[in-house]
Amino acid sequence: DIQGRLAMPLFGMDIGGTLTKLVYFEPANFDEFDFAERETLKTIHKYLIGNTAYGKTGIRDVHLELGNQTICGRTGKIHFIRFPTAQMSAFIELAKLKNFSGLASGICATGGGAYMFEEVFAKEVLLQLHKYDELDCLLKGIHHIDRHNPCECYYFSNPRDTECCDKLPFNFHNPYPYLVVNIGSGVSILSVRSKTDYNRVSGTSLGGGTFLGLCCLLTGCETFEEAIGLASQGDSRNIDKLVKDIYGGDYGKFGLKGDTVACSFGQMISQEKRDAARKEDLARATLVTLTNNIGSIARMCAKTEKIERVVFVGNFLRVNEISMKLLSYAMDYWSDGSLKALFLQHEGYFGAMGCLLEYLQ
Ligand code: ADP
């Protein structure tokens, strides 16, 4: 079956609780595909590459594009696209319009939505979804992209000084063991011992979706970008109760500095403080609360697993240097410098990338 042999998937899709991530491999040479599939590919390609924004909500992250990649013996470019999962019906319409059913290889999909939307794709788009486990995909994606992009992994130098800490490349080539903290709508924490040996050690439902949900409630904002914009202008000390608000200074006996948060949102029990609270401060406090909680769970996991490198991924970290610096600080400070927070440029796309690769195995 020539078509079967030639068919290789060009799409990996991670349908998450909030965002759908689509990775598209653009082969340098379409001529190797059989005629029917080539025509389909050209239509889809023209649409995807002709735009950087699709409708009001779809985005191609041009800055993440990877050129000169080889997958399955073919060279090409990898493109990264995302849209809200709530817009799936619009994507399904598009898939019908652009004749995705002409893709001989179907589409590789992961995330909860691969299950939720499987039937709709089969019935409406006449397209088969090849389903893969999201955490298997996540790790495969991290491994692959890190190997194929020299500046993928980075960390913040000097994490104790948030004013002058720089983003520096980290050599992740001998990474095991490491912890992955995937901060999406919710959070999953994985302990990774080798390319194939890992387990999910913990998680929390207080994740990126919680930040955004609470922020919308408290400030009336409507998007993640807006929430982060507000937070960047705010001061959480107007909202939280610090150790010094209770002790007048440090709590020396147990090494707690006066600036440590003793009680997140603790000032909000006072009517007066509530009246004085600005949207910006509330957004900042929400961000700091969620970030520190995730950081502290990550630290406990690192300790029980006896692991020193902690890799934070997921779209919660998109355009969110505040949280990355906070996590870097928290990992370093509370572990006396033994834990290192690491970050990856392709943040939320590893599941989608790994899912494309799973098919090739
Ligand atoms: P999931 O697979 O659960 O959708 P992601 O890794 O895609 O998880 O992360 C989703 C989280 O990323 C959201 O909860 C929010 O905190 C953050 N986020 C970043 N960019 C956006 C965006 N454009 N729209 C919505 N949420 C976003």
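The values are calculated or read from the model by the stated rules, or taken from the named source; none is laboratory data. Keep in mind that this is a model prediction, so the values were computed, not measured. Glycine gets a Cβ as well: all are built from the backbone with ideal geometry, and neighbour counts include every protein chain shown.
For the condition more than 19 Å from the chain's Cα centre (by Cα), within 16 Å of the ligand (Cβ to nearest atom) and more than 30 Å from Ala277 (Cβ to Cβ), Phe117 qualifies.
Yes or no: region 237-254 includes at least one residue that is assigned to a loop (DSSP other than H, G, I, E, B) and closer than 21 Å to Leu339 by Cβ. Can you show your working first?
Filtering region 237-254 for residues assigned to a loop (DSSP other than H, G, I, E, B) gives 239-240, 248-250.
Checking which are closer than 21 Å to Leu339 by Cβ leaves us with none.
Checking region 237-254: not a single residue is assigned to a loop (DSSP other than H, G, I, E, B) and closer than 21 Å to Leu339 by Cβ.
Filtered by the rule that a residue be surrounded by fewer than 17 Cβ atoms within 10 Å (Cβ to Cβ) and either within 11 Å of the ligand (Cβ to nearest atom) or closer than 17 Å to Ile294 by Cα (or both), region 189-200 gives a lone residue, Arg200. Selection of region 220-243 for residues being of a type in the set (Ser, Thr, Tyr) and within 16 Å of the ligand (Cβ to nearest atom) yields Thr223, Ser232.
For region 119-138, name all the residues that are in a helix (DSSP H, G or I) and among the charged types (D, E, K, R). It would help to see each step written out before you state the result.
We begin by selecting, within region 119-138, every residue in a helix (DSSP H, G or I); these are 119-125, 134-138.
Once the filter is applied, which keeps residues that are in a helix (DSSP H, G or I) and among the charged types (D, E, K, R), region 119-138 yields Glu119, Lys123, Glu124, Glu134, Asp136.
From the residues in region 301-324 that are over 28 Å from Arg82 (Cα atoms) and touching a strand residue (DSSP E or B) at 6+ places or on another chain (Cβ under 8 Å), which one is surrounded by the most Cβ atoms within 10 Å (Cβ to Cβ)? Show your work before the answer.
We begin by selecting, within region 301-324, every residue over 28 Å from Arg82 (Cα atoms); these are 301-309.
Of the ones still in play, those that are also touching a strand residue (DSSP E or B) at 6+ places or on another chain (Cβ under 8 Å) are 301-302, 304-305, 307-309.
Details: Cys301: 19, Ala302: 25, Thr304: 11, Glu305: 20, Ile307: 18, Glu308: 14, Arg309: 21.
Once the filter is applied, the top-ranked residue is Ala302.
Against the numbered list (1) surrounded by fewer than 15 Cβ atoms within 10 Å (Cβ to Cβ); (2) touching a helix residue (DSSP H, G or I) at 6+ places or on another chain (Cβ under 7 Å), Cys151 comes up short only at (2).
Thr289 fails exactly one of the following numbered conditions: (1) within 12 Å of the ligand (Cβ to nearest atom); (2) surrounded by fewer than 21 Cβ atoms within 10 Å (Cβ to Cβ). What is the number of that condition? Of the numbered conditions (1) within 12 Å of the ligand (Cβ to nearest atom); (2) surrounded by fewer than 21 Cβ atoms within 10 Å (Cβ to Cβ), the odd one out for Thr289 is (1).
Which of the residues spanning region 67-93 are more than 25 Å from Cys151 (Cα to Cα) and either of a type in the set (Ser, Thr, Tyr) or within 25 Å of the chain's Cα centre (by Cα) (or both)? Matches in region 67-93: Phe83, Pro84, Thr85, Ala86, Gln87, Met88, Ser89, Ala90, Phe91, Ile92. The number of residues in region 33-71 that are touching a strand residue (DSSP E or B) at 6+ places or on another chain (Cβ under 9 Å), away from the ligand (no atom under 15 Å from the Cβ) and part of a loop (DSSP other than H, G, I, E, B) comes to 3.
Among the candidates Glu225, Glu272, Glu280, the residue that is modelled with pLDDT of 95 or more, among the acidic types (Asp, Glu) and under 21 Å from Val313 (Cβ atoms) is uniquely Glu225.
If you filter region 325-340 down to residues that are surrounded by fewer than 21 Cβ atoms within 10 Å (Cβ to Cβ) and closer than 15 Å to Phe170 by Cβ, you find that the one that is farthest from the chain's Cα centre (by Cα) is Asp332. Test Phe343 against the stated conditions and say whether it is within 12 Å of the ligand (Cβ to nearest atom) and either buried (at least 20 other Cβ atoms within 10 Å of the Cβ) or more than 15 Å from the chain's Cα centre (by Cα) (or both). For Phe343, the condition - within 12 Å of the ligand (Cβ to nearest atom) and either buried (at least 20 other Cβ atoms within 10 Å of the Cβ) or more than 15 Å from the chain's Cα centre (by Cα) (or both) - is not met.
The strands (runs of 3 or more DSSP E) falling completely within region 139-225 that include 3 or more residues that are β-branched (Val, Ile, Thr) map to 178-183, 187-192. Among the residues of region 96-109, is there at least one that is buried (at least 21 other Cβ atoms within 10 Å of the Cβ) and either part of a helix (DSSP H, G or I) or within 17 Å of the chain's Cα centre (by Cα) (or both)? Checked against the condition, which is being buried (at least 21 other Cβ atoms within 10 Å of the Cβ) and either part of a helix (DSSP H, G or I) or within 17 Å of the chain's Cα centre (by Cα) (or both), region 96-109 yields at least one hit.
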